[in-house]
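To start, the structure under review is shown below, and the notes come after it.
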Amino acid sequence: MNEIEVILVEDDPTVREGSAQALDLAGFTVRDFDSAEPARELLQAHCRAVLVTDVRLPGMSGLELLAAVRAADPELPVILVTGHGDISMAVQAMHDGAYDFIEKPYSSEQLADVVRRAADKRRLQLEVHELRQRLAHSQGIDAALLGNAPAMRELRRLILEVASQPADVLIYGETGTGKELVARCLHEFSERASHHYVAINCGAIPETIFESELFGHEPGAFTGASKRQVGKIEYASQGTLFLDEIESLPLAMQVKLLRVLQERYIERLGSCQTLPVDVRVIAASKADLKELSGQGQFRSDLYYRLNLIVLQIPPLRERREDIPLLFEHFMLDAASRYKRAVPSVPAAHMQALMRHDWPGNVRELRNAADRYVLGLAGALPGVPAAPDTATATPASLADQVSAFERALIELELRNAGGNVGAACTALALPKQTMYHKMQKYGLTAEDYR
């Protein structure tokens, strides 16, 4: 992970040398200048840096440098170094957008602490910016099914591979994982995309009217049937029929659906005429249909008919590295719908998101993003509804970035099939550092082979 650089501007050689040394000992890369002009050239939008500048400088002043930096990047943290008589001016500068100020003389520990907090903030800003850039440039199926976890990349590959095939598809996934989204992708990336996509929730339609909904009916087929109705299967002809929660389909209807899948013909209620249908059926279930068939709750012949192409959607807890990207996407969407600003997410809150098991999966994460954008109390799981900011202990740098760091290391180890050398190359890390971090997070290469 690239570090945040410190740009130090101080015209007093003694103070500049001492400050640079203190920051170097604190682990920062420092570039120091005796005037503002050369530093200004380095401080472009989204640069990986924070600025520490004296207020009184020859030529361009620290306040003028602050204004120039904020014009290029309003989020870049600027720390002002002031003399005793400049305090009121520094306070006004903070109202104008400065991150913090330090009064001379200051200790090495004070300087390092302020810079460390500014660097943490900058790192999170850049992570959010990078996520938004990735979202903005996503196209095709990458934009429809977000995620960089290996299981999601494999799922996207399989969807594109089988979308153009005529065979029916069975999708497995827990509640809230996005089964209908996968079904829509199968339709939209197929030759059937220009025809109807029809979705039915098998658990939401009363059994008494299910047959009419699915197959349609003729006038007089039953009491109240005054005119012909085209059923969902017929309406989906040449397109796609999505049967969600197919485990809830009544056994009597399972027999009739099996016949449609085998023969591709239907009969409306009250008619003896058979109608050919060219429809692709995509079924989805949160339960194991094979297990249900063994228990007599689902027809085994229908299960084997559907079990030709099977897509498995991973639960969110098994792809935690995707949580920051998904949460940012959902916040952007919620902010647009509710006409609200996109709030920042403190590192401690993102850690809580990545620790949570998300039993409701992506749907639960989306709801959390909506509540967070609306500013509702208790929006994020694991985050107190009304934290006591006066007594809260600031998280250390390691605590703030550990969740991201571990997720990145796990991701590259998976990508490399447990090859530590390849993962080191992808992360631009020396092997010794990589092994140290793997030991820190309890990771072993064998877990990813």
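The values are calculated or read from the model by the stated rules, or taken from the named source; none is laboratory data. Given the structure is predicted, the values throughout are model-derived calculations rather than measurements. Because the Cβ atoms are built from the backbone with ideal geometry, glycine has one as well, and the counts that use them run over all protein chains shown. Areas reflect the complete protein model, heavy atoms only, side chains present, ligands, DNA and RNA absent. Shrake-Rupley method; radii C 1.70, N 1.55, O 1.52, S 1.80 Å.
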Condition set open to solvent by less than 10 Å² (accessible area, probe 1.4 Å) and touching a strand residue (DSSP E or B) at 6+ places or on another chain (Cβ under 6 Å), scope region 294-329, selection nearest to Asp370 (Cα to Cα): answer is Leu311
Per the list (1) part of a loop (DSSP other than H, G, I, E, B); (2) open to solvent by 20 Å² or more (accessible area, probe 1.4 Å); (3) closer than 24 Å to Arg414 by Cα, residue check on Trp358 breaks on (2)
The one condition Thr393 fails out of (1) modelled with pLDDT of 85 or more; (2) farther than 28 Å from Glu174 by Cβ is (1)
Residue count, region 268-278, condition touching a residue at least 12 places away in the same chain (Cβ under 8 Å) and farther than 23 Å from Glu188 by Cβ, comes to 6
Condition set among the acidic types (Asp, Glu) and farther than 22 Å from Thr223 by Cα, scope region 251-288, selection farthest from the chain's Cα centre (by Cα): answer is Glu263
Exercise. If you check Arg31 against the conditions, is it closer than 30 Å to Met434 by Cβ and either open to solvent by 70 Å² or more (accessible area, probe 1.4 Å) or not in a loop (DSSP other than H, G, I, E, B) (or both)?
Worked result: yes
Okay, helices (runs of 4 or more DSSP H) sitting entirely in region 37-140 with 2 or more residues that are at pLDDT 85 or above and open to solvent by 10 Å² or more (accessible area, probe 1.4 Å), I get 62-72, 108-137
Checked region 4-28 for anything part of a loop (DSSP other than H, G, I, E, B), open to solvent by 20 Å² or more (accessible area, probe 1.4 Å) and at negative phi; matches are Asp11, Asp12, Ala26, Phe28
Scanning region 396-444 residue by residue, those outside any helix (DSSP H, G or I) and at pLDDT below 70 turn out to be Ser396
